[in-house]
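S.K.: Before I ask anything, here is the structure I am working with.
The values are calculated or read from the model by the stated rules, or taken from the named source; none is laboratory data. All values derive from a computational prediction rather than experimental measurement. All Cβ positions, glycine included, derive from the backbone under ideal geometry; neighbour counts span all protein chains shown. Remember, those area values only see protein heavy atoms, side chains included, never the ligands or the DNA or RNA. Shrake-Rupley method; radii C 1.70, N 1.55, O 1.52, S 1.80 Å.
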Amino acid sequence: MTTFVDRVELHVAAGNGGHGCASVHREKFKPLGGPDGGNGGRGGDVILTVDQSVTTLLDYHHSPHRKATNGKPGEGGFRAGKEGQDLVLPVPDGTVVLDKAGNVLADLVGHGTSYIAAQGGRGGLGNAALASARRKAPGFALLGEPGDLQDVVLELKTVADVALVGYPSAGKSSLISVLSAAKPKIADYPFTTLVPNLGVVTAGSTVYTVADVPGLIPGASQGKGLGLEFLRHVERCSVLVHILDTATLESDRDPVSDLDVIEEELKQYGGLGNRPRIVVLNKIDVPDGKDLADMVRPDLEARGYRVFEVSAVAHLGLKELSYALGDLVGRARAAKPKEEATRIVIRPKAVDEAGFTVTREDDGLFRVRGEKPERWVRQTDFNNDEAVGYLADRLNRLGVEDKLMKAGARSGDGVAIGPEDNAVVFDWEPSVTAGAEMLGRRGEDHRLEALRPAAQRRRENQAERDEAQRDFDDFEPF
């Protein structure tokens, strides 16, 4: 059964925004007291947050579909809908977030670092919020926006100070088990270690972490063997330690050639050339191993490597090695730039920026793309004529109609607002009359007058007086 997962594809869905409410206040002797519909609640976000207690992506391997809650719709009496609850997904330190194409979206390092993987939809405005001096009694409300749907790839790159690299069965797991309290699986066959192991080592006043990277072989940088599955775990380490087997039973191998092969794979993978290296000649407790270590040590030192002869089984040379690693880790930490608080850069858009584009496609269709027009279309209830008229007014004020005319659009041409897979298409008419004017002038609603008895009586009385006045004016005495 899989217990360690370092790469998953996650399908996240943010919550939808709640719809606004179209309501009219009613009470005794005041049947139509004005609009009082509340706004819809915002949909919940999906947030990835680094949690130090999480060490694997196993949970998302078994449950890759995650969804935040929706916002609640608004209600009458100016009651706004409840906001959707954010879905916080804990991820290990060192998780990289990528899109399906492999582009890096976020690199999550450090406890509490967060990234919004999917943005919740906005709640729709109720008719109370849409009321104005010109539109005193809106008979419609805006719909809530749908939340984002995203497919992201999570890759875990182990955050450790030291990486142990080498051929399978070189003794990496044995070494980390005696340097730290880690208890990796140890056996006398290749590829015993199938997942990276982490151990904490204390050398004097320095405490650092060591990662045992599963065995590398020729072609690992191209994916052979465990290859790319675990080479990425070396990227964040400050020090690389080559574990060379001086007691191998394979006749075509020796410590120097093993070192050359692993270095070539690290070079092919890239980005590791500036990391300090230490060479460890392991298994010197074996008589032939000690003799071989004495033979190859001068050649390795001539290349500029610091060489340590150790035995994980007999606990030989471990103290010197741990202190040497602690010294290199301390230097690497001191050389790092001082961490500063993240600077928030605000880049406001130009006030005269239109924020949308109008393009003519090969089939003669005019397509409108832009954040505002597309959002307004999503929030419009096309079953309500007044809501459609409100959309037409907003688009006209934004300048969509002027740009369509400049682009060569004529009466009856097709216009699409939005992307190809989710667009609203209509036949364009200059100065669009969507039917909202049939409800009366902007700012008036015949329903408020028609249903009020007092107003109706006043109109009837005034009509009778006007009729009597006309009869009097038309009267001619004999």
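S.K.: If you take the beta carbon distance between Val207 and Ser257 as r and set R0 to 60 Å, what does 1/(1 + (r/R0)^6) give as a FRET efficiency, to the nearest 0.05?
M.R.: In this case the efficiency is close to 0.95.
S.K.: Could you order peptides 388-399, 167-178 by the average number of other Cβ atoms within 10 Å of their residues, highest first? Working shown, then result.
M.R.: Details: 388-399: 17.5, 167-178: 22.8.
By packing density, highest mean first, the sequence is 167-178, 388-399.
S.K.: Within the range 8-44, find all residues whose amide N lies under 20 Å from a label point positioned 7 Å from the Cα of Asn422 along Cα-to-beta-carbon.
M.R.: So the set is 10-20, 40-44.
S.K.: Let me ask another. Distance between Cα centroids, the range 256-309 to the range 73-99: provide it in whole Å.
M.R.: Going from one Cα centre to the other spans 51 Å.
S.K.: Could you give the length gained by full extension between Ser411 and Ala334, i.e. 0.36 nm per residue of separation minus their alpha carbon distance, to one decimal place? Before the final figure, lay out the partial values.
M.R.: Values: separation 77, 0.36 × 77 = 27.72 nm, distance 7.01 nm.
This chain segment gains 20.7 nm when fully extended.
S.K.: On to the next question. Out of residues 5 or more away from Lys67 or on other chains, whose amide H comes under 5 Å of its own, with H placed 1.01 Å from N in the peptide plane?
M.R.: Distant-sequence amide H within range of Lys67: Ala13.
S.K.: With a 1.4 Å probe and all protein chains kept in place, how do Val234, Val424 rank by accessible area, largest first?
M.R.: Working: Val234 0, Val424 45 Å².
Most to least solvent-accessible, the answer reads Val424, Val234.
S.K.: Calculate the translational D of the range 11-122 in whole µm² s⁻¹ from Stokes-Einstein, where the hydrodynamic radius comes from the Kirkwood formula applied to all Cα pairs, the temperature is 10 °C and the viscosity 1.306 mPa s.
M.R.: Estimated via Stokes-Einstein, D reaches 99 µm²/s.
S.K.: What does the extension gain come out to for Lys372 and Asp99, with contour length at 0.36 nm per residue minus their alpha carbon separation?
M.R.: 95.8 nm
S.K.: For Glu320, Glu9, write out the residues from largest to smallest accessible area, computed with a 1.4 angstrom probe and no ligands counted.
M.R.: If we order Glu320, Glu9 from most to least accessible, we get Glu320, Glu9.
S.K.: Provide the net charge surrounding Arg79, with neighbours chosen by a C-beta distance below 14 Å and charges set as Lys +1, Arg +1, Asp -1, Glu -1.
M.R.: -1
S.K.: Quick one: order Val368, Val256 from most to least accessible surface, probe 1.4 Å.
M.R.: Descending order: Val256, Val368.
S.K.: Taking a 28 Å limit on the Cα-Cα distance, which of the listed pairs Lys72/Lys136; Lys267/Lys319; Lys100/Lys172; Lys67/Lys403; Lys290/Lys319; Lys30/Lys136 fall beyond it?
M.R.: Correct reply: Lys267/Lys319; Lys100/Lys172; Lys67/Lys403.
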